[in-house]
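S.K.: One structure follows; several queries about it will come next.
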């Protein structure tokens, strides 16, 4: 019988309930499709990783990095490679960017979404 790896949903729920100040500040701007009409979820399990914010429909992950990420560069790089191999684009912001310049972070996210190819491109019309 095939063994499945346990999902990290319990840990993801714990992280949602203990959000960082930066996550708490950014979430109201991303929730309820407020950012370019794109649906985001918090603490999303993708493979072995839990991502801060993710849009499955747009295949976009937003990561907020604190001080500890300065010491785990290799881990973050391998995580990003995995997510990109799964078809996701990953954008990262430092916590202090969110806390001190949320407008700039929102502009960066909006620009990223606008520059992504459409998830459902329309078919070309035949016979034109």
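The values are calculated or read from the model by the stated rules, or taken from the named source; none is laboratory data. Only a predicted model underlies this, so the values are computations on that prediction, with no experimental measurement involved. Reconstructed Cβ throughout: ideal geometry from the backbone, glycine too, with neighbour counts over all protein chains shown.
S.K.: Which pairs do you get when a residue that is closer than 11 Å to residue 23 by Cα, found in the range 90-112, comes within reach of a residue that is loosely packed, with under 14 Cβ neighbours inside 10 Å and at pLDDT below 95, reach meaning Cβ atoms under 6 angstrom, with the pair 6+ apart or on two chains?
M.R.: Hits for this filter: 95/66.
S.K.: Follow-up question, since we're still on this one. When the residues of the range 9-39 are filtered to those that are modelled with pLDDT of 95 or more and part of a loop (DSSP other than H, G, I, E, B), which remaining residue is farthest from residue 110 (Cα to Cα)?
M.R.: Among them, the one singled out is 39.
S.K.: Provide a single number: the residues in the range 40-90 that are within 19 Å of residue 9 (Cα to Cα), touching a helix residue (DSSP H, G or I) at 6+ places or on another chain (Cβ under 7 Å) and part of a loop (DSSP other than H, G, I, E, B).
M.R.: 2
S.K.: Now, a different point. Taking the condition assigned to a strand (DSSP E or B) and either modelled with pLDDT of 95 or more or touching a strand residue (DSSP E or B) at 6+ places or on another chain (Cβ under 7 Å) (or both), does residue 105 pass?
M.R.: In short, no.
S.K.: Turning to a different aspect of this structure: Taking the stated definitions as given, is residue 79 under 25 Å from residue 117 (Cβ atoms), in contact with a strand residue (DSSP E or B) (Cβ under 7 Å, 6 or more places away or on another chain) and modelled with pLDDT under 95?
M.R.: So residue 79 passes the test.
S.K.: Please count how many residues of the range 69-103 are more than 17 Å from the chain's Cα centre (by Cα) and under 15 Å from residue 30 (Cβ atoms).
M.R.: So the answer is 1.
S.K.: Of all the residues that make up the range 13-35, how many are surrounded by 14 or more Cβ atoms within 10 Å (Cβ to Cβ), closer than 22 Å to residue 101 by Cα and in contact (Cβ under 8 Å) with a residue 12 or more places away in the chain?
M.R.: Adding up the residues that qualify gives 10.
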